[in-house]
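The values are calculated or read from the model by the stated rules, or taken from the named source; none is laboratory data. All of these numbers come straight from a predicted model, not from anything done at the bench. Virtual Cβ from ideal backbone geometry, glycine too; neighbours counted across all protein chains shown. The area values use the complete protein model at the heavy-atom level, side chains included, leaving out ligands, DNA and RNA. Shrake-Rupley method; radii C 1.70, N 1.55, O 1.52, S 1.80 Å.
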Protein chains: 2
Amino acid sequence: MALGTDYAQQDCSLARALEVVGERWSMLIVRDAFYGVRRFNDFLAHLDIPRAVLTGRLRSLVAAGVLDKEPYQQSPVRYGYGLTSAGRELWLPIYALARWGERHASDGGARTVFSHATCGTRLDIVGSCPTCCVLVAPEDVMMRPGPGALTELRQDPVSRALGRPHRLLAPIEPLSETVGEQAAEPVG
Amino acid sequence: MALGTDYAQQDCSLARALEVVGERWSMLIVRDAFYGVRRFNDFLAHLDIPRAVLTGRLRSLVAAGVLDKEPYQQSPVRYGYGLTSAGRELWLPIYALARWGERHASDGGARTVFSHATCGTRLDIVGSCPTCCVLVAPEDVMMRPGPGALTELRQDPVSRALGRPHRLLAPIEPLSETVGEQAAEPVG
DNA sequence: TTCCTAGGTCTGGTGAACGAACTCACTCAA
DNA sequence: TTGAGTGAGTTCGTTCACCAGACCTAGGAA
């Protein structure tokens, strides 16, 4: 029995879901994919995850149909990882779990605030926009640091890019090369 | 670093939540608590979890404020585990994840169907009642086996009790002692 | 030719998960 | 008062995933 997977005796959709995203790191990898992380080394630096574990988790998530692996540049060819449509549907459980963690497992307020990109209203507890009365798709969600964010904690390119408002699913890696498109101050 | 916990470098409420319910078995224990399981041996039989692991997980969940341990009988005193208010708020992420698993990680349709107890309408994707237009609290949710349920899979008392419609959070253990309150046929 | 970068593999040590056996306190029936 | 049963664990040896760091490979760049 693979540790962390295989709840075969459980006749339950939750157990099936946990076989896909229930292993250590898996859900944080999917979260980062929503944040726009696509490259192996960006996952690596942002998550502080052992390389071999990241390799295995990416492979599992691709096999499960949550991520797909596609070239993002030629010569030399480099592959990135993006959410499939099934992966994008993980937005609801991930958002719900993050909101629970914000209320019951964190101190100092929300680390990250999610709002409706078209109207700016903060999403409610289930991920709907109270102003527009619609369930907001992840590509229409803006994220920005909240009052509880610990800005000093990390200095990798992904964390720095996420220090400014960012639309979910919009790729992050251009920021790590063309820094300064919005007059970003040098950190420190 | 404890395996399965400690994402200390992650400035993220999701990581905080996963430190509480992200370890193997933890979320299934909370799910069973929603189903009304309260006794150590019932968790044990329904989950097929090693005893030592169950002991550790229950202790962690009590320490995290998700479950509380209370005597459910005297002479001899026996303790059961029930959801705290923080634990009950895990209903939304657990329901969302189960629905994702039903659509993307299962075959043969929903294992379990959740509906609004007061009107009978099946809950929508975020756990609201489309008829009453309210977010349904777990104590107002009825669960019953769905078209994809594998009725032959398990024969422990909890699984048998859940083979009939059951209200979330209603304790299960009376059924394992006073079998027959609804003319249940003997199995086999 | 050497260095650098991206995206990995490989390896040895550590520790959690697993399953089975054992413990302990208590009750009940003979 | 002996023995069996129950509930809720604890102990122990084996297995296996996680971890950190070193190493590898292919294609540019200096």
For A:CYS132, which inter-copy label distances result when the label point lies 7 Å beyond Cα on the Cα-to-Cβ vector, reported in nm to one decimal and in ascending order? 2.9
Taking GluC sites (Glu not before Pro) in a DSSP loop with at most 16 other Cβ atoms within 10 angstrom as exposed, one finds the longest site-free stretch of chain A at A:1-151
Sort shortest first the distances from A:ASP107 to its counterpart in every other copy, using label points 7 Å along the Cα-to-beta-carbon line, and give them in nm. 5.0
Exercise: per-residue mean of other protein chain Cβ atoms within 10 Å, A:159-165: 1
For B:THR121, the residues 5 or more places away or on another chain with a placed amide H closer than 5 Å to its own amide H are B:HIS116
Dipole magnitude (debye, nearest 20) for the protein assembly as shown, charges at Cβ of Lys, Arg, Asp, Glu: 120 debye
Accessible-area value, B:SER60, 1.4 Å probe, nucleic acids and ligands omitted, Å²: 60 Å²
Averaged across the residues of B:24-30, what count of C-beta atoms belonging to other chains lies within 10 Å of each residue's C-beta? 4
Report, by chain and number, residues whose modeled amide H sits under 5 Å from the one on A:ARG111, excluding near sequence neighbours (fewer than 5 apart, same chain). A:GLY148, B:SER13
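Only Lys, Arg, Asp and Glu count, each charged at its Cβ (+1, +1, -1, -1), so figure out the dipole size of region A:91-172 about its Cα centre, rounded to 20 debye.
Details: 9 positive and 7 negative charges, 26 e Å.
Dipole size: approximately 120 debye.
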Heavy-atom accessible surface of region B:13-87: percent carbon and sulfur, 1.4 Å: 48 percent
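Please give the contour-minus-distance gain from A:THR118 to A:ASP156: 0.36 nm per residue of separation, less the Cα-Cα distance, rounded to one decimal in nm.
Details: separation 38, 0.36 × 38 = 13.68 nm, distance 2.92 nm.
Result: 10.8 nm gained on full extension.
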Efficiency of FRET between A:CYS132 and B:VAL77 - r from beta-carbon atoms, R0 45 angstrom, step 0.05: 0.25
Amide H to amide H under 5 Å from B:VAL134: which residues, 5+ apart in sequence or cross-chain, H placed 1.01 Å off N in plane? B:CYS129
Output row for A:CYS119: copy-to-copy label distances, label 7 Å along Cα→C-beta, ascending, in nanometres, one decimal, is 2.2
